[in-house]
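For reference, the structure is listed below as structure tokens.
The values are calculated or read from the model by the stated rules, or taken from the named source; none is laboratory data. Computed from a predicted structure; not experimentally measured. Please note: Cβ atoms are built from the backbone with ideal geometry, for glycine as well, and neighbour counts cover all protein chains shown. Just so you know, the surface numbers come from the protein's heavy atoms only, side chains and all, with ligands and any DNA or RNA stripped out. Shrake-Rupley method; radii C 1.70, N 1.55, O 1.52, S 1.80 Å.
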Amino acid sequence: FFCMANTPKKSRWYLTNEQLELVVTKNIATRLYFALLLKFYERYQHFFEVPSEIKYHVIALIAKQLDLPTNSLKKQLPERTIERFRAEIREYFESPGITRANEERIREWLVMQVFSKQEVNAAQLFDKTILFMQQERIECI
């Protein structure tokens, strides 16, 4: 499942000074892609598969911050580059990514904290699980 919240506020897409410093270390041809990965992950705790998952106005906002054209996303990056970017972003946010240990933590939390205390419907379970994953900095899938 995906960690998707309500429509994001514009301010959540602004890069911090620290994030800008990180982004400008990237090749100019890949900066916008990296910045989008960074902000999307910060917001949703998972990575987008393709940039078209992001609304154009968000892409334009981030591109403007970087003084880059939005069409710099047209070129598909090599998978190795994307994986390297993802690893760097996980490290930046101190997120271990998806692991068996995290899956076990979620199972244990569900059994001990959710199922044992109350009856919940599927929507409530989903919401509670997402909240737990966000609090524990567990990457959503």
What about L68, is it within 18 Å of the chain's Cα centre (by Cα), in a loop (DSSP other than H, G, I, E, B) and at pLDDT 95 or above?
no
Residue under evaluation A101, criteria (1) loosely packed, with under 11 Cβ neighbours inside 10 Å; (2) in contact with a Lys or Arg (Cβ under 7 Å, 6 or more places away or on another chain); (3) not β-branched (V, I, T), criterion not met:
(2)
Here are some conditions: (1) open to solvent by 60 Å² or more (accessible area, probe 1.4 Å); (2) in a loop (DSSP other than H, G, I, E, B); (3) modelled with pLDDT of 95 or more. R84 meets all but one. Which one does it not meet?
(2)
As an exercise: evaluate E91 against (1) farther than 21 Å from R43 by Cβ; (2) of a type in the set (D, E, K, R); (3) part of a helix (DSSP H, G or I); (4) at pLDDT below 95 and give the number of the one condition it does not meet.
(1)
How many residues of the stretch 37-68 are open to solvent by less than 70 Å² (accessible area, probe 1.4 Å), more than 16 Å from L15 (Cβ to Cβ) and without any contact (Cβ under 8 Å) to a residue 12 or more places away in the chain? The answer is 1
